[in-house]
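K.L.:
Right, I'll just put the structure down here and ask away after.
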Amino acid sequence: MSSYDAIAELYDPWSASVVEDVAFYLEEARRSGGPVVELGVGTGRIAVPIAADGIRVIGVDSSLGMLEVCARRAALTGVDLDLRVGDLREPPVTERVPLVVCPFRSLLHLRTDEDRRRALGNVHELLASGGRFVFDVFAPGTEDINATHDRWLEREPGIFERAIWNAGDRTLTLTVRGKDSETTMALAWLSAAEWRVLLEASGFEVEACYGWFDRRPYKGDEDMVWVSRRP
Ligand SMILES: C[S@@+](CC[C@H](N)C(=O)[O-])C[C@H]1O[C@@H](n2cnc3c(N)ncnc32)[C@H](O)[C@@H]1O
């Protein structure tokens, strides 16, 4: 069971306002020519627009519930997605591809460097030479932590979330609650310097670390958008 199974039907309404990354990932997919592997494909928020552009997408996720919603969305849109149940640390993909993406902070679900290294090592393996790994993560600022810690906030109408931040071990316990469903998930964050070390140790060249999806440079704010390359 994945913590996302319980909120698979709630996920799209919960993330309804998250749209700023779609054009960015679509642009990266077009630049690569495909096929694209999306790790943590979820309900297809990013994968479906890419597939609708005529690019083959292999989507990996550990939540059967999310994959079911994703398959439904793909069918409604009239696109084919190659959906695979699996762990992003060991993606069930044997093809070599020019682009692997991991949007919307999914890598924060990995909580140890061992897991992160395992995931990055396997991404490196499944990239063709010159292929890119593009992902986004965040590292919360003190102001954000203080403003939201242990408070129920209405993120979308009728959908609430509560963040319990632990700045000491840099973990976040996030509870999401809708009318009929609720889940709690664990995340962990790293600094930009730490992500860079992990990427380089896994054999990637960092091409860019942006501060947002409009490709502005990262200047120490919360969001990081990484573009890395297998040499
Ligand atoms: C924040 S959602 C992102 C979904 C989608 N990429 C998007 O942008 O909307 C995180 C996704 O990662 C998946 N996930 C979390 N840990 C995973 C793991 N270890 N292996 C595979 N999928 C995982 C969850 O099931 C969920 O669908």
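K.L.:
If I take every Cα pair under 8 Å that is 6 or more residues apart in the stretch 53-172, average their sequence separation and divide by the length, what percent do I get for the relative contact order?
P.N.:
19
K.L.:
Separate question: Taking H as built 1.01 Å from N, whose amide H comes closer than 5 Å to the amide H of GLY131, not counting residues under 5 places away?
P.N.:
Under 5 Å from the amide H of GLY131 lie the amide H atoms of ARG230, each far enough along the sequence or on another chain.
K.L.:
Would you kindly state how much longer the chain becomes between THR94 and ALA52 on full extension, computed as 0.36 nm times their sequence separation minus their alpha carbon distance, in nm to one decimal?
P.N.:
Between THR94 and ALA52, full extension yields an extra 12.8 nm.
K.L.:
Also, quick follow-up: Whole Å is fine, so just give me how far the alpha carbon centre of the stretch 17-79 lies from that of the stretch 144-173.
P.N.:
27
K.L.:
At 7 Å along Cα-to-Cβ for each site, give me the label-to-label distance between ASP12 and ASP113 in nm.
P.N.:
4.1
K.L.:
With contacts defined as alpha carbon pairs under 8 Å and 6 or more residues apart, what's the relative contact order of the chain in percent?
P.N.:
Rounded, it is 18 percent for the chain.
K.L.:
Go through the stretch 54-60 residue by residue and turn each phi into a ³J(HN,Hα) via Karplus (6.51, -1.76, 1.60, θ = phi - 60°); whole Hz please, and just put x for glycine and proline.
P.N.:
Using θ = phi - 60°, the values come out as x, 9, 6, 10, 9, x, 10 Hz.
K.L.:
In whole angstrom, and with the biggest value first, how far do the Cα coordinates of the chain range along each principal axis?
P.N.:
46, 41, 31
K.L.:
So, one more: Give me the net charge of LEU199's neighbourhood, meaning all other residues with Cβ under 11 Å from the Cβ of LEU199; Lys, Arg count +1, Asp, Glu -1.
P.N.:
Every neighbour counted, the sum reads +1.
K.L.:
Another one. May I ask for the net charge around TYR218, where only other residues with Cβ less than 14 Å from the Cβ of TYR218 are counted and Lys, Arg are +1 while Asp, Glu are -1?
P.N.:
Combined, the nearby Lys, Arg, Asp and Glu give -3.
K.L.:
Could you tell me the calculated FRET efficiency between GLU205 and MET185, based on Cβ-Cβ distance and R0 = 45 angstrom, to the nearest 0.05?
P.N.:
E between GLU205 and MET185, to the nearest 0.05, is 0.90.
The numbers here are math on the coordinates, done by the rules we state, and not lab data. The structure presented is a predicted model; accordingly, all values stated were derived computationally and were not measured. Every residue, glycine as well, gets a Cβ built from its backbone with ideal geometry; the counts of neighbours run over all protein chains shown.
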